[in-house]
1. How many residues are surrounded by fewer than 24 Cβ atoms within 10 Å (Cβ to Cβ) and within 19 Å of residue 156 (Cβ to Cβ) when one looks only at the stretch 43-53?
2. Tally up the residues in the stretch 1-27 that are of a type in the set (D, E, K, R) and surrounded by 11 or more Cβ atoms within 10 Å (Cβ to Cβ), please.
3. Specify the residue that is modelled with the highest pLDDT; the eligible residues are those in the stretch 51-64 that are in contact with a Leu (Cβ under 9 Å, 6 or more places away or on another chain) and more than 15 Å from residue 133 (Cα to Cα).
4. Restricting the first residue to the stretch 70-87 and requiring it to be within 8 Å of residue 99 (Cβ to Cβ), which pairs with a second residue that is at pLDDT 85 or above and part of a loop (DSSP other than H, G, I, E, B) meet a Cβ separation below 8 Å and a spacing of at least six or different chains?
5. How do the pairs read when you match residues in the stretch 8-25 that are on the phi > 0 side of the Ramachandran plot with residues anywhere that are surrounded by 13 or more Cβ atoms within 10 Å (Cβ to Cβ), using Cβ under 8 Å and keeping only pairs 6 or more apart or on different chains?
6. Find all pairs meeting these conditions: Cβ atoms under 8 angstrom apart; at least six residues apart or on different chains; first residue within the stretch 54-68 and open to solvent by 10 Å² or more (accessible area, probe 1.4 Å); second residue acidic (Asp, Glu) and modelled with pLDDT of 90 or more.
7. So which of 172, 150 ends up being surrounded by 19 or more Cβ atoms within 10 Å (Cβ to Cβ) and in contact with an Asp or Glu (Cβ under 7 Å, 6 or more places away or on another chain)?
8. How do the pairs read when you match residues in the stretch 88-107 that are small (Gly, Ala, Ser) with residues anywhere that are open to solvent by 10 Å² or more (accessible area, probe 1.4 Å) and in a strand (DSSP E or B), using Cβ under 8 Å and keeping only pairs 6 or more apart or on different chains?
Amino acid sequence: MRIDEFIEQFNEKYPDVDRFDTASDEMIATYEETLGYRLPVSFVKFLKEFSNGIFLLDCEPIGGVSKDSPSGDICKADRITPDIPNEILVVETKEWIESKRLISFTMFDAGDHSNNHWVFIYEDNVPDQEYRVWFVSQIEPRIVKVLDSFEEWLTLLWEHDDEEDERTYPVFYILFPSYDERLEILYDWFD
């Protein structure tokens, strides 16, 4: 789902939700300079046209490019997980990546009330900076899930917004619905 489709559907379904202010080009450029990396075009569009940080669907705390953002500001992953090692394991691919390339766009895991969170990983030569997104476990700092893009992440969240249940679950819960599945992925080290 493209960002503009999400915004249109969200506005139709939840016209009265307070979304905080949107971000300006200047605000975004300042944060990109501070981070040392460009943000994905889709995420920039989200910040500029939807919200500069929001506790989205009452389950995903998306950061903005302002210290005043209701969910905090996007940052390098070591601000959320101070003891993150210089290299971090990607469980699915069994590769190691430099943790300094991880940019947190969710500020914590609202489902578990923990510092597990979603990040962009800066990668060279990615069109429109549409980096893959990764879920970082605080338990043993490692990446336990990889998705192709912010738009894929947002689509999963939006498609599982259930008015009848009156609760939307965080993306990690959508991917791993049972408590046992989440425990296994968060605690088990690969063979």
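1. Qualifying residue count, the stretch 43-53: 2.
2. At the first step, the residues of the stretch 1-27 found to be of a type in the set (D, E, K, R) are 2, 4-5, 8, 12-13, 16, 18-19, 21, 25-26.
Narrowing the set further to residues that are surrounded by 11 or more Cβ atoms within 10 Å (Cβ to Cβ) leaves 2, 4-5, 8, 13, 19, 21.
Result for the stretch 1-27: 7.
3. Once the filter is applied, the top-ranked residue is 64.
4. If the second residue must be at pLDDT 85 or above and part of a loop (DSSP other than H, G, I, E, B), the pairs left are 77/84; 78/84.
5. Between residues of the stretch 8-25 that are on the phi > 0 side of the Ramachandran plot and residues that are surrounded by 13 or more Cβ atoms within 10 Å (Cβ to Cβ), the close pairs are 20/51; 20/52; 20/53; 20/54; 20/64; 20/69; 20/70.
6. Sorted first by the residue in the stretch 54-68, then by its partner, the pairs are 66/21; 66/73; 67/73.
7. 172
8. So the pair list comes out as 99/87; 104/76.
The values are calculated or read from the model by the stated rules, or taken from the named source; none is laboratory data. On a predicted model such as this, the values are computed, not experimentally measured, just so you know. Please note: Cβ atoms are built from the backbone with ideal geometry, for glycine as well, and neighbour counts cover all protein chains shown. All accessible areas refer to the heavy atoms of the entire protein, side chains included, with ligands and DNA or RNA removed. Shrake-Rupley method; radii C 1.70, N 1.55, O 1.52, S 1.80 Å.
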